[in-house]
Amino acid sequence: MPEPRDRVTRKADLLAALTGPAADVWVATASPEAAPHLVPLSLAWIADRAVIALEGLSVTARNLGASRVARLAAGSTRDVGMIDVVLERSVGVDDDASLGEAYAAQADWDPRGLAGYVFLVLRPTRIQAWRESNELAGRVLMRDGEWVV
């Protein structure tokens, strides 16, 4: 088992993964009836916000619209980042040029021009990162929307 990383290193490693090209996350939401839903989506990390693009009528978009919260999982089970988020805003993919350009520059695809697609801008409220059990202590990197490292 590798030596545990300090929290500063964990934050840097996670941000490198989130800002790298073709970053992907698992997005977990729940319906108003508490039915769970989990999907993999491309992510762009823009100005400390997680941005995903999807059909505005998808289950994920509807769940986020209703509850305004989700959990994102980035990385592998041996180097995971768990990001609790709140929906900050939803915008049509052709309605915010700078957001569309930033998303397309990082993500592995460009949804602009697709009818019915939206960007969901998600504000992180809590971020955790760890590799193995020896990194469970100190895994919280952000609490209440504020970095603790």
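The values are calculated or read from the model by the stated rules, or taken from the named source; none is laboratory data. As the structure is a prediction and not an experimental result, all values here were calculated from the model. For neighbour counting, all protein chains shown are included, and Cβ atoms are generated from backbone atoms with ideal geometry for every residue, glycine included. The protein model used for the area step is the full one, side chains on, heavy atoms only, and it has no ligands, DNA or RNA in it. Shrake-Rupley method; radii C 1.70, N 1.55, O 1.52, S 1.80 Å.
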TODO: Would you please give the residues with an amide H less than 5 Å from that of G56, counting only those at least 5 places away or on a separate chain, with H modeled from the backbone geometry?
DONE: Y117, V118
Task: J(HN,Hα) series, region 34-41, from Karplus relation 6.51 cos²θ - 1.76 cosθ + 1.60, nearest Hz, glycine and proline x - done: 6, 7, x, 8, 9, 9, x, 9
Task: In sequence order, calculated HN-Hα J values of region 77-94 (Karplus, 6.51, -1.76, 1.60; Hz; x Gly/Pro) - done: 5, 9, 6, 9, x, 10, 10, 8, 9, 10, 6, 8, 6, 10, 9, x, 5, 9
Open item on the list: If a paramagnetic tag sat 7 Å from the Cα of D110 along the Cα-Cβ line, which residues of region 77-102 would have the backbone N under 12 Å from that point?
Closed with: 100-102
TODO: Would you mind giving the three semi-axes, in whole Å and largest first, of the ellipsoid equivalent to region 1-147 according to its Cα gyration tensor?
DONE: 27, 17, 13
- [ ] Please sort 37-45, 91-99 by packing, taking for each peptide the average over its residues of neighbouring beta carbons within 10 angstrom, highest first.
- [x] 37-45, 91-99
TODO: At 20 °C and 1.002 mPa s, grab the translational diffusion coefficient of region 54-103 from Stokes-Einstein with a Kirkwood Rh over Cα pairs, rounded to a whole number in µm² per second.
DONE: 169 µm²/s
TODO: Place the peptides 129-137, 115-123 in order of packing, highest mean first, counting for every residue the other Cβ atoms within 10 Å and averaging per peptide.
DONE: 115-123, 129-137
TODO: Please list, in chain and number order, the residues 5+ apart from L141 or on another chain whose amide H is under 5 Å from its amide H, with Hs placed from the backbone.
DONE: I127, Q128, A129
Open item on the list: Using only Cα atoms and rounding to the nearest 10 degrees, what angle (0 to 90) does helix 97-106 make with the longest principal axis of the chain?
Closed with: 50 degrees
- [ ] Could you do me a favour and compute the accessible area per residue for the chain, 1.4 Å probe, result in Å²?
- [x] 51 Å²
Open item on the list: Multiplying the sequence separation of R49 and V80 by 0.36 nm and subtracting their Cα-Cα distance, what value in nm do you get?
Closed with: 9.4 nm
Task: Crossing angle, helix 7-19 versus the chain [Cα axis fit, 0-90 degrees, rounded to tens] - done: 30 degrees
Open item on the list: Once neighbouring chains are kept in place and the probe is 1.4 Å, which whole percent of the accessible area of region 25-149 is contributed by carbon and sulfur?
Closed with: 53 percent
Open item on the list: Please compute the modelled spin-label separation between T9 and S31, points set 7 Å along Cα→Cβ, answer in nm with one decimal.
Closed with: 4.5 nm
